[in-house]
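**Student:** My structure is below; once you've seen it, I'll send some questions.
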Amino acid sequence: MKHAIPLRRRLLVRLLFTSVLIAVCSVAATAWLAVETTTRAIREEQGQVLADDTDILRRLSGYAATHPDWSGVQETVRSLSRSTGRRIALTAPDRTPVADSAPPGTDLPPRAAAAVDPLRTDTFTEPGAQLSGIDPRAVGPYELSPAERDRVRLLAEKRRGCFAANGVGTTITRLPSGRSILVDENGTVDGGEVPTPCADGVLNTLTATEEKALDELTALARECADLGQLKLYGPLGVGLDLTRPPPRTRHLDPEDRADGRTADRVAEEARECVDGARRKQLDPYVAPAAELFLGGGDSPLPTFDMSAANKAKVFGVTGLVLALTVAVTAVLATRLVRPLRALTHAAQQPPDLHTRVPVTTQDETGILAVAFNELTERRERLEAQRKAMVADIAHELRTPLTNIRGWLEVTRDGLVEPDPELLASLHEEAVVLQRVIDDLQDLAAADAGTLALHPEPVRAGDLLDQVVAAHRVAAEAAGVRLSTRVDGSPWLDADPVRMRQALGNLVSNALRHTPGGGTVTLSVRQHDGHVLFDVADTGRGIAAEDLPSVFDRFWRAEKSRNRRTGGSGLGLSIVRQLVTAHGGTVSAASEVGTGSVFTLRLPASAPGDDRDGTRPLPPGGEGARDA
């Protein structure tokens, strides 16, 4: 019995829905955490990578600013590669290798990360970097001698004391050239406005080295611009002031210029010229320009440590998801387990105490409860049938045994002579007893699957002739006419002995329930690959409510079980078992007062399928025969 379960009520769908709900919550929580933590981590990593790249460029630019060539940069490159985990390679502008942290022969990245040129840098990584793009560490001829450094240091400490006495706090900072300057907390040189007592100008006076270098720069600048009597003023690294000439120079007014250019325009051209002159002056003291290539290297990708806040988020969301999972699972499991517990409790009871369980759901569990209830009902019916069968067997065996015992006792006591009529009666009772025992043995073998069959090619018409011949005498004695009808020439593979037994049981049953003058007809035909045997009678018929039970063991329409009106009640059960063993089916149709028809449906076989390859054609072809 199959039940159509709505899709929404199926246990599988409900479990899948629960799993999907939990998965969605988990994925959503995981995605949110991933976005939060990963975004923050990416920002941190990007900042770290940018800081590493800037530091690499700063270190290499500093090396180039303080060395006239790249001959000793290999160790610096390897040190930077170890500390940052990046591959670092330097090449000339034409891609000629200069230094590389990777093994020789390793391909370069497709594009350079930056150009390393201390005279033309676009990344100002050092305090005091010049707007012209010259690395402040490229001092060249402006580097002070040790004696000059010490003298400038003493002057800086003297001025700092003066500043402190006038309420201005400063610190001493040394520039790459070795010159010491004063810087306040805002990074302003000389603390912004210099107190009047401290404005002696001694600290900013050029040293001999600086004076010589500035003279060289002035001479180089005059080659590209008409500076007139303008002299460069101020030490390199502090700033070159082109708008404030020293006392011994004069300022050029616009009316002094033949082309009418303004002083600002003249100063701008002079500044551009001075920048070029400075690069020309510093070029012999710095390394040539190079291309910087950065790669991932052999080190693992940078990782990040999860912060306490992120850990708290992870644990909180994980706990929330687990709590939701437990709650949903508990609710669903309770609803699923409740009917299963009822089934388990009912199944654990003794067989005679099995009770029906309530059907509370329409899913697989509900169908299981319905099946359990049906199984309980079926077991009760089988138990009732078993008890009835035991009583029927006892009745069938007791009657002939009682007759045999009674006659033997009176014969032993000498009350009756053992004449031939008495012996014939005793033999008849013994035959009845033997028939019951044989029938029970056949049923037991069929139930155990050990019923022996010896199939062979059989012509259906021959089976009918043999059955009619075996029951002709009984039919004549009962005044019933036996007839056969064969349509076509059907063949089947079957055990002829067992088939004669099945058809014989049907004929015996029909003769027993057909009054004198009636007819029992045996017919056979082939239809849809099957051979159909029909045994029809014109007897009393079977009531419609009794038809489902006609093949049950020990069933009789006559409840008194009078042997004169019925047999042992096993004949039709044996018919069903024999037909089933041959792979066929048996059915019954009847109408009270008209008669009954029992139909055997068995698989057919082709005429040429017998063992010797041939079969004789049936004599006479189609037709009906009376016996």
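**Student:** If I ask for residues that are more than 18 Å from Pro496 (Cα to Cα) and open to solvent by less than 10 Å² (accessible area, probe 1.4 Å), which ones from segment 567-594 would you list?
**Tutor:** Leu570, Ser573
**Student:** Go through (1) open to solvent by less than 60 Å² (accessible area, probe 1.4 Å); (2) modelled with pLDDT of 70 or more; (3) assigned to a helix (DSSP H, G or I); (4) under 30 Å from Val116 (Cα atoms) one by one and return the number of the condition Glu75 breaks.
**Tutor:** That leaves (1) as the condition not met.
**Student:** Considering only residues that are open to solvent by less than 30 Å² (accessible area, probe 1.4 Å) and among the hydrophobic types (A, V, I, L, M, F, W, C), look in segment 141-171 and name the one that is farthest from Val202 (Cα to Cα). Steps first, please.
**Tutor:** So in segment 141-171, the residues open to solvent by less than 30 Å² (accessible area, probe 1.4 Å) come out as 141-142, 144, 148, 152, 156, 159, 163, 170.
Now restrict to residues that are among the hydrophobic types (A, V, I, L, M, F, W, C): 144, 152, 156, 163.
Values: Leu144: 16, Val152: 9, Ala156: 9, Phe163: 14 Å.
Only one residue fits best here, namely Leu144.
**Student:** Still on this model: Have a look at Ile367, Ile404, Ile393 and point out the one that is modelled with pLDDT of 80 or more, of a type in the set (A, V, I, L, M, F, W, C) and open to solvent by less than 60 Å² (accessible area, probe 1.4 Å). Lay out the reasoning, then the answer.
**Tutor:** Working: Ile367 fails: modelled with pLDDT of 80 or more; Ile393 fails: modelled with pLDDT of 80 or more.
From the options Ile367, Ile404, Ile393, the qualifying one is Ile404.
**Student:** Please give the number of the condition Pro351 fails out of (1) modelled with pLDDT of 75 or more; (2) out of contact with any Cys (no Cβ under 7 Å at 6 or more places or on another chain).
**Tutor:** Checking Pro351 against (1) modelled with pLDDT of 75 or more; (2) out of contact with any Cys (no Cβ under 7 Å at 6 or more places or on another chain), the one that fails is (1).
**Student:** Might you let me know whether segment 423-440 holds any residue that is under 60 Å from the mean Cα position of the chain (by Cα), open to solvent by less than 80 Å² (accessible area, probe 1.4 Å) and at pLDDT below 85? Quick ask: steps written out before the conclusion?
**Tutor:** Here is the first cut: in segment 423-440, the residues under 60 Å from the mean Cα position of the chain (by Cα) are 439-440.
Cutting the leftovers down to open to solvent by less than 80 Å² (accessible area, probe 1.4 Å) gives us 439-440.
Next, only the ones that are at pLDDT below 85 stay: 439-440.
Looking through segment 423-440, at least one residue is under 60 Å from the mean Cα position of the chain (by Cα), open to solvent by less than 80 Å² (accessible area, probe 1.4 Å) and at pLDDT below 85.
**Student:** Has segment 288-300 got any residue that is open to solvent by 40 Å² or more (accessible area, probe 1.4 Å), out of contact with any Ser or Thr (no Cβ under 6 Å at 6 or more places or on another chain) and at pLDDT 75 or above?
**Tutor:** There is at least one residue in segment 288-300 that is open to solvent by 40 Å² or more (accessible area, probe 1.4 Å), out of contact with any Ser or Thr (no Cβ under 6 Å at 6 or more places or on another chain) and at pLDDT 75 or above.
**Student:** Further, regarding this structure: Looking at the structure I just gave you, is Thr334 among the hydroxyl-bearing types (Ser, Thr, Tyr) and either modelled with pLDDT of 75 or more or over 30 Å from Thr84 (Cα atoms) (or both)?
**Tutor:** Details: among the hydroxyl-bearing types (Ser, Thr, Tyr): yes; either modelled with pLDDT of 75 or more or over 30 Å from Thr84 (Cα atoms) (or both): yes.
Yes.
The values are calculated or read from the model by the stated rules, or taken from the named source; none is laboratory data. Since the model is a prediction, treat every value here as computed from it, not as a measurement. Virtual Cβ from ideal backbone geometry, glycine too; neighbours counted across all protein chains shown. Just so you know, the surface numbers come from the protein's heavy atoms only, side chains and all, with ligands and any DNA or RNA stripped out. Shrake-Rupley method; radii C 1.70, N 1.55, O 1.52, S 1.80 Å.
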